[in-house]
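Structure, as structure tokens:
Readers should treat all values here as calculations from the given coordinates under stated rules, not as data from a laboratory. This structure is a prediction, so every number in the text was calculated from the model and none was measured. Don't worry about glycine lacking a Cβ; one is built from the backbone with ideal geometry, like all the others, and counts go over all protein chains shown.
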Amino acid sequence: MADDIRALSAQLAQDPQSLVFLRLGEALRRKGQLDAALRVAMNGLERHPHLADAHDLYARILTDKRDYERAFDEWDMAVRIAPNHTGALKGLAFLYFKVGDLAQAESHLEAARKVEPDDPSIDQAITMMRGGVSPPVPEPTVASPTVASPTLGALDEARVFAGLEGANEGLLLIDGAGRVLGGALRDRAGADVTDAVAAYLAGVSQEAARTAKLLGLGAWNGLSAEGQQGNVHLAHPTPEALLLVVRERGIPLGRLAILAHRATAMARRWLERGT
């Protein structure tokens, strides 16, 4: 594990915006180096404040340090960003059990089971809790931030937008926690910014829905914006997925919306095949 920590530390030093901090923080936590893990998690949160997995990592470290109040706030934030984040739901259940609120503990575990009905750890936690035994601190829901959602099975990410105009650039599909499901993005210099953009987009769908509701606009279908260097369009193929389409400044927003509509339909079909 020491070699893994050194390698992950080197990767993070080379690219501070990388989501590799999630793996590094977890590796340090498992090794018992909680202060170092805490620093990594806090630095990661500063760069990616809307990434549910970052709040989940921070909460697990705080729980190991028995700082339950702050851990609760972090898991609560993770669920606000990604309501179906099973790690955060299990974490909240653990803390509710700690304070003796068994009804809330079981409610959060049941919510996690609806998201991942085949996860045996959830059933085990419910059984332990009903027997008066504290469930364990939940482990991270993913091993790597760039791994596709486990419900997608062995689907080929490269085929998500196959056949679509410009399929090899300017398209990004993520889940509610900010994990990349398909596509990739590069900045104007050609550097890969996929993970960094995905992290910043985490939670955007929920914020857009709340804003539309407050303004009395009903459900939102898409958002377009013009920038100095390019235009973007956001859409949500499913309630838990978000699609970003980026094109050059000269592409009219109407044409961009049509392209986004096609990409959204393809992403939706791809996601449905993986469920």
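If a/c stays under 1.5 just call it rounded; otherwise compare a/b with b/c (prolate if a/b is bigger, oblate if not). Do that for the range 2-130, with a ≥ b ≥ c from the square roots of the Cα gyration tensor eigenvalues.
prolate
Could you order peptides 213-220, 72-79, 122-129 by the average number of other Cβ atoms within 10 Å of their residues, highest first?
72-79, 122-129, 213-220
If you take the beta carbon distance between D4 and R188 as r and set R0 to 35 Å, what does 1/(1 + (r/R0)^6) give as a FRET efficiency, to the nearest 0.05?
Computed FRET efficiency for D4 and R188: 0.55.
Given the options H50, H85, H233, state which has the largest fluctuation in a GNM of the chain using a 10 Å cut-off (strictly under) for Cα springs.
H233
Let me know the shape class of the range 32-76, please: from the alpha-carbon gyration tensor, a ≥ b ≥ c as square roots of the eigenvalues, rounded when a/c is under 1.5, otherwise prolate if a/b is greater than b/c, or oblate.
Details: a/c = 2.33, a/b = 1.16, b/c = 2.02.
Oblate, since a/c reaches 1.5 and b/c is not below a/b.
Restricting to DSSP H runs of at least four residues, report the calculated mean residue ellipticity at 222 nm for the chain, -39500 (n - 2.57) per run over all residues, nearest 500 deg cm²/dmol.
Rounded to the nearest 500, the figure is -16500 deg cm²/dmol.
Dipole size in debye (nearest 20) for the range 2-130 around its Cα centre, Lys and Arg Cβ +1, Asp and Glu Cβ -1? Working shown, then result.
Details: 17 positive and 21 negative charges, 56 e Å.
I would put it at about 260 debye.
With a cap of 16 neighbouring Cβ atoms within 10 Å, and only residues DSSP puts in a loop, list the trypsin sites (Lys or Arg not before Pro) found in the range 43-83.
Those that pass, being in a loop and sparsely packed, are K65, R66.
Which pairs in the list K65/K90; K90/K213; K65/K98; K31/K98 are over 26 Å apart, alpha-carbon to alpha-carbon?
K90/K213, as the Cα separations exceed 26 Å there.
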